[in-house]
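Student: Have a look at the structure that comes next, please.
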Amino acid sequence: MLVVALTGGIATGKSIVAQILSQKGCYVQNADLLAHQLMAPGGKIWEELIRHYGKEILKENEEIDRKKLGEIIFRDKLERDYLNRLTHPLIMEKIKQTVEELEKAGKFEIYITEAALVIESGYYSFYDRIILTYCKPELQIDRLMERDRISREQALARIRAQGSNEEKIRFAHYLIDTSGTLKETIDRTESVYFNLWQDACLKKAGLLR
């Protein structure tokens with residue numbers, strides 16, 4: 001089974017690309033959803049976050065208020081690094097467990113992790129192939145402002161909190177520009193999928209480099 005990472009900056013179209021690849025038959029696992037599950041009330045990460053930040057970051061139902069947590073980590077690099085050190089190893093543990101289970105089951109040819117910080121976290125070497133989504137900077141800002149209902153300044157802070165596309169490109173095997181129409185993104189994604197399918201065949205034959 002080919003093991004792939006789908007990464008890219010915030011609001012660069014990862015979710016759309018992931019949806020298309022899922023429809024093509026790939027197994028797609030969302031790292032952000034894994035993090036959300038790991039932060040469930042009563043869990044190890046939940047307890048550590050309460051110890052670190054206090055109960056001010058909780059909702060009325062005792063769940064972590066991810067909006068409040070996001071505001072903290074996007075404005076403070078030290079806090080962002082703390083959260084990443086806390087969550088990334090446990091998320092990666094879950095990903096490796098999923099890959100192992102899927103390989104045993106033999107039902108999928110391609111596994112994909114959808115995650116924003118694959119390269120920054122240093123776990124990129126685990127993957128056979130890396131796909132990087134990107135779009136025009138102004139479009140990325142507009143998308144983020146509209147999606148999260150935040151100001152331009154807040155959007156820029158969140159974008160700058162992640163590594164730039166220029167830094168990530170050298171790690172990527174495939175690039176998908178999502179600046180155009182939905183149809184253009186679908187066409188580009190399907191083209192990448194065809195290449196992934198070929199890569200999966202090469203890996204099965206022991207010829208993947």
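The values are calculated or read from the model by the stated rules, or taken from the named source; none is laboratory data. Worth saying up front: this structure is predicted, and the values here are computed from it rather than measured. So basically every Cβ, Gly included, is an ideal-geometry build from the backbone, and we count neighbours across all protein chains shown.
Student: What number of residues in region 74-95 are closer than 17 Å to residue 116 by Cβ and free of Cβ contacts under 8 Å to residues at least 12 places away in the same chain?
Tutor: Of the residues in region 74-95, 4 are closer than 17 Å to residue 116 by Cβ and free of Cβ contacts under 8 Å to residues at least 12 places away in the same chain.
Student: Under 6 Å between Cβ atoms, which residue pairs at least 6 apart in sequence (or on different chains) link something in region 8-33 that is modelled with pLDDT of 95 or more with a partner that is surrounded by fewer than 16 Cβ atoms within 10 Å (Cβ to Cβ) and acidic (Asp, Glu)?
Tutor: none
Student: Can I ask one more? Could you list all residues from region 2-59 that are hydrophobic (A, V, I, L, M, F, W, C) and at positive phi? Walk me through it before giving the result.
Tutor: We begin by selecting, within region 2-59, every residue hydrophobic (A, V, I, L, M, F, W, C); these are 2-6, 10-11, 16-18, 20-21, 26, 28, 31, 33-35, 38-40, 45-46, 49-50, 57-58.
Result: 11, single match.
Student: If I ask for residues that are among the charged types (D, E, K, R), surrounded by fewer than 19 Cβ atoms within 10 Å (Cβ to Cβ) and not in a helix (DSSP H, G or I), which ones from region 82-126 would you list? Steps first, please.
Tutor: Initially, region 82-126 is screened for residues among the charged types (D, E, K, R), giving 85, 93-94, 96, 100-101, 103-104, 107, 109, 114, 120.
Checking the rest, the ones that are also surrounded by fewer than 19 Cβ atoms within 10 Å (Cβ to Cβ) come to 85, 93-94, 96, 100-101, 103-104, 107, 109, 120.
Those that are among the charged types (D, E, K, R), surrounded by fewer than 19 Cβ atoms within 10 Å (Cβ to Cβ) and not in a helix (DSSP H, G or I): 107, 109.
Student: Next question, about the same structure. Within region 35-58, which residues are farther than 14 Å from residue 83 by Cα and part of a helix (DSSP H, G or I)? Explain how you work it out, then say what you get.
Tutor: Keep residues of region 35-58 that are farther than 14 Å from residue 83 by Cα, which gives 37, 40-43, 54-56, 58.
Hits for region 35-58 are 37, 55, 56.
Student: When region 9-45 is examined, which residues are found to be over 30 Å from residue 61 (Cβ atoms), buried (at least 17 other Cβ atoms within 10 Å of the Cβ) and of a type in the set (Gly, Ala, Ser)?
Tutor: Within region 9-45, the first condition is being over 30 Å from residue 61 (Cβ atoms), and the residues that meet it are 9, 12-13, 16-17, 20-21, 23-27.
Those left that are additionally buried (at least 17 other Cβ atoms within 10 Å of the Cβ): 9, 12-13, 17, 20-21, 26-27.
Passing the criteria: 9, 13.
Student: Looking only at region 108-146, count every residue that is more than 16 Å from residue 9 (Cβ to Cβ) and without any contact (Cβ under 8 Å) to a residue 24 or more places away in the chain and tell me the total.
Tutor: 2
Student: Show me the helices (runs of 4 or more DSSP H) found entirely inside region 138-209 where at least 3 residues are in contact with a helix residue (DSSP H, G or I) (Cβ under 8 Å, 6 or more places away or on another chain) and surrounded by 12 or more Cβ atoms within 10 Å (Cβ to Cβ). Let's see the steps before the verdict.
Tutor: Values: elements: 152-160, 165-168, 182-204.
Of the helices (runs of 4 or more DSSP H) lying wholly inside region 138-209, those with at least 3 residues that are in contact with a helix residue (DSSP H, G or I) (Cβ under 8 Å, 6 or more places away or on another chain) and surrounded by 12 or more Cβ atoms within 10 Å (Cβ to Cβ) span 152-160, 182-204.
Student: Here is a follow-up. When you check residue 69 against the structure, is it buried (at least 16 other Cβ atoms within 10 Å of the Cβ) and among the aliphatic types (A, V, I, L, M), yes or no?
Tutor: Working: buried (at least 16 other Cβ atoms within 10 Å of the Cβ): yes; among the aliphatic types (A, V, I, L, M): yes.
Yes; evaluated as a whole, the condition is true for this residue.
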